Each structure stands twice: as structure tokens, then as C-alpha cells.
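Read through the structure below, which is laid out as C-alpha cells, and then see the notes.
The values are calculated or read from the model by the stated rules, or taken from the named source; none is laboratory data. Not measured: the values here are computed from a predicted model. Heads up, the Cβs are rebuilt from the backbone with ideal geometry, glycines too, and the neighbour counts pull from every protein chain shown. These accessible areas exclude ligands, DNA and RNA; they are computed on the full protein's heavy atoms, side chains included. Shrake-Rupley method; radii C 1.70, N 1.55, O 1.52, S 1.80 Å.
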Amino acid sequence: MSYRSVTAVTLLLLITLLPGCGRKTALIPPQRLVPERIYDLRYALDEDGVTLQWSYPTKMENGDDLQVIKNFEIYRAVIPEAAYCPGCPLHYEVPVEIDGGRLPPAGGGRTAVYKEGFLQNGYRYLYKVRSRAASWYPSADSNVVSFVRDVPPKAPQSLQIEAGDGILVLRWDPVTENIEGQVLEHPAQYRIYRRSGDKDFTALGEPIQEPEFTDAGLVNARLYAYKVRALALYGDTLQAGGASQEVAGVPRDLAPPPQPQNLEVIAVPGGVKLVWQAVAGNDLAGYRIYRRQEESGGPELIAEVGPDRNQYIDQPRGDGRKLYYSVTAFDTAQPANEGLPTGEEFIDLR
């Protein structure tokens, strides 16, 4: 046996006989290292590209609470629509990594957002997402979203708004062409976006077919802003175009208070006393008292009283006249809504 062979055998025996160094730790089950799968990947198309959104996982695969996401991996496949084969194997590109972050305390949720522009018309795009809690294994694939990119429709023009009682009505010109001036193959649909206060615009419900929308159930005297996008159907995808100009409106109370009832007119020392039945209403602002002389034309407003009063003493100048009185109720709207007057009651001071 050569010297080199003896040395190799000796080294092998030494390695075999040497005891292990350090303390051995228990193996960590993979389920404790992997976040749960993302289930709600979704997309929104506009004239600039696509916006992907999804919720941060909140649990590990074994059910443990998750506090931090290290990063997300976004996978994309791009195929000419003419060559797309549903169910056929896909080639995903090298993923794009974006930073994650810490989840809010007390079980609060967090949404991740990724935007991508410069999409090619006539191509189908497919996306899926994975997450990592640390430098370990990624999660399983999310659900896959798929869409076709094509020429966006034009933005709606001449958006107008009309206020009603608890409603706002939007109207705009129909969209019939894309941004390249080509006639749309299918009638455009429309998505409405609304904002109130310091909140961001959010989409209202599903797309609609007609260039008109009534937003009901609103709070009177509150400001609401709107914009509209046209949607063009390409294959199985609704391609959104640019947004219209923004318009704003304030719904207003148009319902007047009820008509006061049972007006009585009584002569008292120094004047004429009016008494009527009070009106119920949360927005009642008060009452208006009208007086008409027998020889004059219409009634004249002579006083206003608050909602907690249902009587008034008039002090007309001079005697020897026949006077007619009526009362209305009005509310707190701006401008105020005034209800129907009571039937006229008269008093003869001659």
C-alpha cells in the first residue's frame, strides 16, 4: 500500500471516530417557515397599465400567527393572445421581488400593491404571487389572474351632475371609440368612482351599460365627487380607459315639512293672537306667519318663529280693518323647504 493510500485511510478513520461538536437542535418543520397561500390576488386595468393587489398572509401554514413578511415574488407570463392555449403549460419569467413589511397589531390586515406599465396590445398577461416570511421557503402559488391587453377606450366626456333629495344623477356622452380613433367592437361599459371627505376614489358596484347613473341613499348636504371610466370588452377582459373629468355635487333635502293645522285667530288686548297645531319633524326650523289685508293682493310675511313655538301675537297698526292670517312650516335645508300654508283665518277689527 502506498503512502498516499495509507494517509487517506487514516483520515477516513479519524473522521468516522470523531464525536460531533456543538449541540444538535431539533429540525424545524417546513410548515412553521412558510406563510399561507395568497388567495385574493386581483387586478385593475387602466390606460397606464395594470395594478395588482392582494392581502398580506396572516398565518403560517401550521396556523401560527405571522408578524412580518420579508418580501413578495411576482411571477409573470406573457403570451400573444392568438397563441394562448388555456390549460397548456406556461413559462413564467424571472420573478420581480418587492419588499414586504410588518402586519398591523391586533389582527389588522394589510394590502400589497404592485403596478406595471408598458404592456403590449394583443398579448395575454398572467400573474401569480408568492411570499416569504424570512430567508426560507416561499409560500405556495397564489391564485392566477389573467387578462388581455388591448387599446383602451377614450375617456368619457361632458360628465354632468344633478342634485336631488338624497340622490345625485350623473350623465355623460357615450364612448364609441378607442384612443386610436377606432370604433369599439362591442358597446362600452362604464365604471363609476366616488369619493367623499378625505377618502380616496372607490369603484361603485359592477360596470353599467348606459351613460347615466343615479347614486341613491346619500346624506343630504354632504359633498360627493365622481369620475367615470369607459370599459371595452376584448375577449374575456374589460379594458379600462382614462378617467373623465371630476365632478362634485351635494344632495339636498327637497321634502318640505307638513302643513300646520287648526289655525285660530283671536283678538287680544294690543293685538291679534295666532295659535296652531305644532308640526313634527327632525329638521323643522320654524314657522312663518303671513298676513293679508282684505283690500290687498297676496299675503305678506310678517314674522318667523322657532320650532318650539306654535303661537304668535301680531300688533297691526290701526284699527277698522279685516285681516287674514296663514302659517307655514319650513325646514333646515339650504335653501329652506317651505310647506303648504294653513287655510286662511280672518279677524274683523272694524
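Only one of these is within 29 Å of the chain's Cα centre (by Cα) and surrounded by 16 or more Cβ atoms within 10 Å (Cβ to Cβ): VAL113, VAL151, VAL144. Name it.
So the residue among VAL113, VAL151, VAL144 that is within 29 Å of the chain's Cα centre (by Cα) and surrounded by 16 or more Cβ atoms within 10 Å (Cβ to Cβ) is VAL151.
Output the residues belonging to the stretch 49-66 that are over 24 Å from LEU126 (Cα atoms) and open to solvent by 30 Å² or more (accessible area, probe 1.4 Å).
THR58, LYS59, GLU61, ASN62, GLY63, ASP64, ASP65, listed by residue number.
Could you list, ordered by first residue, the pairs with Cβ atoms under 9 Å in which the first is in the stretch 85-105 and within 27 Å of VAL68 (Cα to Cα) and among the hydrophobic types (A, V, I, L, M, F, W, C) and the second is open to solvent by 70 Å² or more (accessible area, probe 1.4 Å) and assigned to a strand (DSSP E or B), at least 6 apart or interchain?
If the second residue must be open to solvent by 70 Å² or more (accessible area, probe 1.4 Å) and assigned to a strand (DSSP E or B), the pairs left are LEU103/ASP65.
Could you identify the single residue in SER131, SER139 that is assigned to a strand (DSSP E or B), open to solvent by less than 30 Å² (accessible area, probe 1.4 Å) and either over 22 Å from LEU238 (Cβ atoms) or in contact with a His (Cβ under 8 Å, 6 or more places away or on another chain) (or both)?
So the residue among SER131, SER139 that is assigned to a strand (DSSP E or B), open to solvent by less than 30 Å² (accessible area, probe 1.4 Å) and either over 22 Å from LEU238 (Cβ atoms) or in contact with a His (Cβ under 8 Å, 6 or more places away or on another chain) (or both) is SER131.
Within the stretch 33-65, count every residue that is part of a loop (DSSP other than H, G, I, E, B) and more than 29 Å from the chain's Cα centre (by Cα).
Here the count works out to 6.
Answer yes or no: is there a residue in the stretch 166-182 that is closer than 15 Å to ARG229 by Cβ, assigned to a loop (DSSP other than H, G, I, E, B) and in contact with a Ser or Thr (Cβ under 9 Å, 6 or more places away or on another chain).
yes
Given the conditions (1) at pLDDT 95 or above; (2) in a strand (DSSP E or B), report the number of the one that LEU218 does not fulfil.
(2)
Hey, can you tell me all the residues within the stretch 310-350 that are open to solvent by less than 70 Å² (accessible area, probe 1.4 Å), farther than 17 Å from ARG292 by Cβ and not in a strand (DSSP E or B)?
Passing the criteria: ASN310, ALA333, ALA336, ASN337, GLY339.
Applying the selection to the stretch 154-178, what residues are in contact with an Asp or Glu (Cβ under 7 Å, 6 or more places away or on another chain) and open to solvent by 30 Å² or more (accessible area, probe 1.4 Å)?
LYS154, GLN157, SER158, ASP165, ILE167, ARG171
For the stretch 67-103, which positions are over 14 Å from ARG130 (Cβ atoms), assigned to a loop (DSSP other than H, G, I, E, B) and open to solvent by less than 50 Å² (accessible area, probe 1.4 Å)?
Matches in the stretch 67-103: LEU103 only.
Residue by residue, here is whether (1) modelled with pLDDT of 95 or more; (2) in contact with a Gly (Cβ under 9 Å, 6 or more places away or on another chain) holds:
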site: TYR75; (1), (2): yes, no
site: TYR114; (1), (2): yes, no
site: ALA133; (1), (2): no, yes
site: TYR137; (1), (2): no, no
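Could you check, for the stretch 140-154, whether at least one of its residues is more than 27 Å from ILE208 (Cβ to Cβ) and touching a helix residue (DSSP H, G or I) at 6+ places or on another chain (Cβ under 9 Å)?
no
Checking GLU264 against (1) surrounded by 15 or more Cβ atoms within 10 Å (Cβ to Cβ); (2) acidic (Asp, Glu); (3) outside any loop (DSSP other than H, G, I, E, B), which single condition isn't satisfied?
(1)
Is it fair to say ASP215 is open to solvent by 60 Å² or more (accessible area, probe 1.4 Å), of a type outside the set (S, T, N, Q) and either free of Cβ contacts under 8 Å to residues at least 60 places away in the same chain or out of contact with any helix residue (DSSP H, G or I) (no Cβ under 7 Å at 6 or more places or on another chain) (or both)?
no
Can you tell me how many residues in the stretch 303-332 are aliphatic (A, V, I, L, M), over 14 Å from ILE266 (Cα atoms) and out of contact with any Pro (no Cβ under 9 Å at 6 or more places or on another chain)?
Qualifying residue count, the stretch 303-332: 2.
Given the condition farther than 30 Å from TYR312 by Cβ and open to solvent by 70 Å² or more (accessible area, probe 1.4 Å), answer yes or no: does some residue in the stretch 242-257 qualify?
yes
Within the stretch 288-296, does at least one residue satisfy the condition of being free of Cβ contacts under 8 Å to residues at least 12 places away in the same chain, open to solvent by less than 80 Å² (accessible area, probe 1.4 Å) and part of a loop (DSSP other than H, G, I, E, B)?
yes
One residue is enough: does the stretch 315-332 have a residue meeting the conditions within 44 Å of the chain's Cα centre (by Cα) and of a type in the set (Phe, Trp, Tyr)?
Yes, there is a match, as at least one residue in the stretch 315-332 is within 44 Å of the chain's Cα centre (by Cα) and of a type in the set (Phe, Trp, Tyr).
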